[in-house]
Amino acid sequence: MGFSNLGTLGSTPVVKNNFGLVTSDPTDVFQFKITSSKNINLSLTNISAGDDADLRLFRDANNNGVLDSFDRNAGLVSNRGSNQDEAINFKTSSGTFFAEVSRFSTSVGGVSYNLALSATEPSGSFPLSASFSNLLPKEFVLGNLSADVTRTGNVSNTNTTDVYNFSLGFFEGVNIKLDGLNGDADIRLIRDSNNNRIVDAGEEVARSTSGGTASDLISNTTLSGDYFLQVTQFSSSNYTVTFDHFTTPFALV
């Protein structure tokens, strides 16, 4: 088992690229701590084609500095199958934690992956910008928008963020609406220009942070390219997100 101690996790993402798992060593564990209530954000991406890896998060419940059977009694898991991205976004109190990346048993040969970790301010705190995840896993892949798309979901303390990935071609645009809320959730749109799957300065296109159950709207996005939409909780809520596709008379790149 590979083991890394990352120290205290903060808002600046820690990125571990080109890590690998093999049959004889099928698990990597990354230990870290947070010193106050935070949103823990984990993103497992670039899993090698034809392979599968899963992501788990555990608290060091007995405070012995070891990921043991006692800690494994409770945890969070993302195991979406194939080489799809995995993500865990969890609001929690201070403590020591273990992020575990494990090779799925049916994978053949080595499994490579990238892992990013960050700890942003807890949901429900101000300013809102400090609690948004700065990681961009492709949790829900919509492809190139050519028609309207509607999806439903839920954000909560055990899933503070959902991330939708889509693209716009030439002469295409989209309006995005978040409604159907029974709590408070917000949206922001990211264009990951350097494709590093991190939200860097200048990559936020727009956000909408209406209070309570009021709808959120991001209108008239017409620049072609690849986008990520984050749906983030302020408080726990069900939601409906609608991508209203339209055509434009101009090709904007």
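Only the coordinates and a few stated rules stand behind these numbers; no lab work does. Just so you know, these numbers come straight off a predicted model, no measurement behind them. Every residue, glycine as well, gets a Cβ built from its backbone with ideal geometry; the counts of neighbours run over all protein chains shown.
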Residues that are over 14 Å from the mean Cα position of the chain (by Cα), closer than 17 Å to Asn83 by Cβ and among the aliphatic types (A, V, I, L, M), drawn from the range 22-56
Val22, Ile47, Ala49, Ala53
Members of the range 86-128 found to be crowded, with 23+ Cβ neighbours inside 10 Å and not in a strand (DSSP E or B), listed by number:
Ser123
Residue that is farthest from Ser118 (Cα to Cα), among those in the range 157-175 that are surrounded by fewer than 17 Cβ atoms within 10 Å (Cβ to Cβ) and not β-branched (Val, Ile, Thr)
Phe171
Take Val149 and decide whether it is among the aliphatic types (A, V, I, L, M) and more than 23 Å from Phe250 (Cα to Cα).
no
Members of the range 201-253 found to be aliphatic (A, V, I, L, M), under 20 Å from Gly169 (Cβ atoms) and in contact with a Lys or Arg (Cβ under 9 Å, 6 or more places away or on another chain), listed by number
Val205, Ala206, Ile218, Leu223, Leu229
Do the conditions hold for Leu145, that is, is it in contact (Cβ under 8 Å) with a residue 40 or more places away in the chain and touching a His at 6+ places or on another chain (Cβ under 6 Å)?
yes
Find the strands (runs of 3 or more DSSP E) located wholly in the range 160-253 whose residues include 2 or more that are among the β-branched types (Val, Ile, Thr) and at negative phi, and list them.
161-168, 172-179, 185-190, 216-221, 225-233, 237-247
Residues being among the aliphatic types (A, V, I, L, M) and surrounded by fewer than 21 Cβ atoms within 10 Å (Cβ to Cβ) - total across the range 2-55:
7
Tell me which residues, restricted to the range 43-85, are in a strand (DSSP E or B) and within 18 Å of Ser4 (Cβ to Cβ).
Ser43, Leu44, Thr45, Ala53, Asp54, Leu55, Arg56, Leu57, Phe58, Arg59
Scan the range 188-211 for residues that are of a type in the set (Val, Ile, Thr) and closer than 20 Å to Phe246 by Cα and jot them down.
Ile190, Val205
Single unsatisfied condition, Ile190 versus (1) in contact (Cβ under 8 Å) with a residue 24 or more places away in the chain; (2) crowded, with 16+ Cβ neighbours inside 10 Å; (3) in contact with a Ser or Thr (Cβ under 9 Å, 6 or more places away or on another chain):
(3)
Those residues of the range 196-251 which are hydrophobic (A, V, I, L, M, F, W, C), surrounded by fewer than 17 Cβ atoms within 10 Å (Cβ to Cβ) and touching a residue at least 60 places away in the same chain (Cβ under 8 Å), in sequence order:
Phe246, Phe250, Ala251
